[in-house]
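S.K.: Got a structure here, written out as structure tokens. Questions coming.
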Amino acid sequence: MKDSSPNHYERAFESWLIDNHIQYVTVDEQKRAELPASIRSTEASGLCKFKSFDFLLYPNNQQAIIAEVKGRSFKGTSFAKLAGFECWVTAEDIDGLTKWQEVFGQGHSAIFVFAYKIENIDVDFDGREVYDFAANRYMFFAVKLDDYREFMKQRSPKWQTVTLPADKFRQCAIQLQQLWNK
């Protein structure tokens, strides 16, 4: 694994992909893509720029997945009720993934990967897989973009962020292994 990812959440996720033999391509998020007017939002210029994603995943015998990794800390003591999980994203994240899903078209879907760094030593994981990386423990959940868009609520108008209500996160969040097995 190259140490090309800018943060430990993305490096942990990349390591998990390698360990689970998932083919992938990393994307330099610092670069923005320019697309023709036919796929941009209503802007006067001929091209628009929008946020890139983090990984393009190629699970065996499945459609390609456009993945945006969001790193968060989990300070709770139990995963039993999937409570206490921050799952906010920016409006720019939503717009960017939506456009990428349109650009790639059929055969591609977009997801948010919420990478939670476990802060407490003694946590009940309720039978879920925990991933150890660089002396830290992580848990990964995926939420499909279409599900996120359907249930999202505004979190902060000032910061242009949205989130999922806790009950909708519990409904939509799945561990990555479940995503590959569908």
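S.K.: What are the residue pairs meeting all of these: first residue in the range 149-173, first residue free of Cβ contacts under 8 Å to residues at least 24 places away in the same chain, second residue aliphatic (A, V, I, L, M), Cβ atoms under 8 Å, and 6 or more apart or on different chains?
M.R.: The qualifying pairs are Phe151/Leu164; Lys153/Val162; Lys153/Leu164; Gln154/Val162.
S.K.: In addition: Taking only the range 121-142 into account, find how many residues are part of a loop (DSSP other than H, G, I, E, B), at pLDDT 85 or above and among the aromatic types (Phe, Trp, Tyr).
M.R.: Matching residues across the range 121-142 total 0.
S.K.: Please pick out the residue among Val123, Val69, Val130, Val143 that is surrounded by 12 or more Cβ atoms within 10 Å (Cβ to Cβ), among the hydrophobic types (A, V, I, L, M, F, W, C) and free of Cβ contacts under 8 Å to residues at least 24 places away in the same chain.
M.R.: Of the residues listed, the single one that is surrounded by 12 or more Cβ atoms within 10 Å (Cβ to Cβ), among the hydrophobic types (A, V, I, L, M, F, W, C) and free of Cβ contacts under 8 Å to residues at least 24 places away in the same chain is Val130.
S.K.: Moving on. Could you tell me whether the range 62-70 includes any residue that is basic (Lys, Arg) and modelled with pLDDT of 95 or more?
M.R.: yes
The values are calculated or read from the model by the stated rules, or taken from the named source; none is laboratory data. Predicted model only: the values in this text are computed from it and were never measured. Please note: Cβ atoms are built from the backbone with ideal geometry, for glycine as well, and neighbour counts cover all protein chains shown.
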